[in-house]
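The block underneath contains the structure these notes are about, expressed in structure tokens.
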Amino acid sequence: MLTYTLANGLEIPAIGFGMWQNTNDEEVKSSLKHAIDAGYRLIDGAAAYQNEEAIGQALKELPISREELFLTSKLRNAAHGYENVKREVAESLNKLQTDYLDLYLIHWPVVKGHGDNWQKDNLGTWRAMEELYEEGILKAIGVSNFSVEHLENLVNHARIKPMVNQLLIHPGVTQTETRNYCKKHTILLQAYSPLKPLSVIMEDAKMKRMKEKYQKSVAQILLRFSIDLGIIPLTKSVHEERIKGNIDVFDFKLEEEDMDYLLAWSHPDFTEPDNKNERPPQVS
């Protein structure tokens, strides 16, 4: 498995298995088994996904050691603030049946009740995460859905820079300004929903030619697009064959002309997100 090295020297797998919208206990168990069997080691979760207890139980029943896994969780939007973070992390650790997390992220930068003071809110939240990182409970810390101005607030005022930023990235939504900023500051990017344009782009004539050229599915080409940008794609499925297919992306590389085409591809269904003004759903 290809890995990247975070700014603190920690190695992270180059592809991850996402647990968003997977709330059926049996499907959590079966999908994780298929994912581990296929070779996934990065498991991307969040308190807001409301399935950490099922994930913890499923992983305990699989023949794999904790040390072989790279577990991620994220802070609930309703639990921002220095006083809340340590309780939230402890709850996630308890549900996941582990004593550390490989990566912990602030899920969204601007949340309900903190629209006018998000800078102070994020700095206080981050300070608690820095302390847990220094204690070894969190092996790496980062953010999700942070645009440049949100990142600058931490980079310029916090003791420890974010090591990861998880964003919506796929052809049609490439977040170039934020990608460039993260590269400059050694912040590794992860892409969630990397297959979002699948149903639209599969009808594209150029994409059909790419399928023939690489002898790969459209999904595999979209995932390779992220990898060739130096970004970790986070896939999700409950179907064994799709889970296997999604990790079969390390035996080819997209040619420069195809990367350029996908970077420039656009469609009216897909627009750049407004992470400052849009409010994410609040999960209690």
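The values are calculated or read from the model by the stated rules, or taken from the named source; none is laboratory data. The shown structure was predicted, so the numbers you read here are calculated from the model rather than taken from an experiment. Methodologically, a virtual Cβ is constructed for each residue, glycine included, from the backbone with ideal geometry; neighbour enumeration extends over all protein chains shown.
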For Asp121: the one exception among (1) surrounded by 21 or more Cβ atoms within 10 Å (Cβ to Cβ); (2) within 21 Å of the chain's Cα centre (by Cα):
(2)
Looking at segment 202-215, I want the residues that are closer than 14 Å to Glu257 by Cβ and have a partner that is assigned to a helix (DSSP H, G or I) and polar (S, T, N, Q) with Cβ atoms under 9 Å, at least 6 apart or on another chain. Which pairs are those?
Tyr214/Gln220
Selection from segment 46-87 of residues that are farther than 15 Å from Ile141 by Cβ and touching a Pro at 6+ places or on another chain (Cβ under 9 Å):
Ala48, Asn77
Which condition from (1) more than 18 Å from the chain's Cα centre (by Cα); (2) of a type in the set (A, V, I, L, M); (3) buried (at least 17 other Cβ atoms within 10 Å of the Cβ) is the one that Ala205 breaks?
(3)
Candidate set from segment 131-144 (those that are out of contact with any Asp or Glu (no Cβ under 9 Å at 6 or more places or on another chain) and surrounded by 17 or more Cβ atoms within 10 Å (Cβ to Cβ)); member that is farthest from Pro233 (Cα to Cα):
Leu132
I'd like to check which helices (runs of 4 or more DSSP H) are fully inside segment 179-242 and have at least 3 residues that are acidic (Asp, Glu) and out of contact with any strand residue (DSSP E or B) (no Cβ under 6 Å at 6 or more places or on another chain).
none
Only listed residue being among the aliphatic types (A, V, I, L, M) and farther than 22 Å from Tyr40 by Cβ, chosen from Ile187, Ile221, Ile243, Ile231
Ile187
Counting only residues that are more than 19 Å from Gly18 (Cβ to Cβ) and among the β-branched types (Val, Ile, Thr), segment 159-189 contains a total of 6
In segment 114-139, which residues are in contact with a strand residue (DSSP E or B) (Cβ under 6 Å, 6 or more places away or on another chain) and among the aliphatic types (A, V, I, L, M)?
Met129, Leu132, Leu138
Identity of the residue in segment 94-122, among the hydroxyl-bearing types (Ser, Thr, Tyr) and either modelled with pLDDT under 95 or in a loop (DSSP other than H, G, I, E, B) (or both), that ends up nearest to Glu149 (Cα to Cα):
Tyr100
